[in-house]
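The values are calculated or read from the model by the stated rules, or taken from the named source; none is laboratory data. Just so it is clear, the structure is predicted and the values come from calculations on it, not from any experiment. Positions of Cβ are backbone-derived with ideal geometry, glycine not excepted, and every protein chain shown enters the neighbour counts. When the accessible area is computed, the model is the full protein with side chains, heavy atoms only, and any ligands, DNA or RNA have been set aside. Shrake-Rupley method; radii C 1.70, N 1.55, O 1.52, S 1.80 Å.
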Amino acid sequence: GAMMEAYPQIELLHAATGRDGVRMVRESRPDFVILDMNLPDISGLELLRHLRADPDTAAIPVVAVSADATSKQIDAALAAGALHYLTKPVNVAELLAVVDDLLEQTETQFG
């Protein structure tokens, strides 16, 4: 939360479960999603596949975040449609660089 204060244009929405997350993304159509791969209900991979399979949410960039740094998990997330994969503990500078990158792409796309 606190690190996003540098971006007043960003409204942060938080979902505690994957199912809530899918519903929230469908309803609010965010510019991008930061997805914790370790959700209490469905797997992050499953959530990613849901978003990619739905034409309404397929184009929304997703940044995967997980404590699992194995190449198998990273490859699976990227194959399922994640644009970036950050490992926990998340490096704040790295996350902000990714956010900057996504904002630039969004502005180029819709600006």
Scanning segment 14-33 for residues that are under 15 Å from GLU46 (Cα atoms) and touching a residue at least 24 places away in the same chain (Cβ under 8 Å), the one most open to solvent (accessible area, probe 1.4 Å) turns out to be THR17
Taking the residues in segment 14-56 that are within 15 Å of LEU102 (Cβ to Cβ) and outside any helix (DSSP H, G or I) as candidates, determine which candidate is farthest from the chain's Cα centre (by Cα).
-> ARG29
Looking only at segment 59-92, which residues are assigned to a helix (DSSP H, G or I), open to solvent by 20 Å² or more (accessible area, probe 1.4 Å) and under 18 Å from PHE32 (Cα atoms)?
-> LEU78, ALA79, VAL92
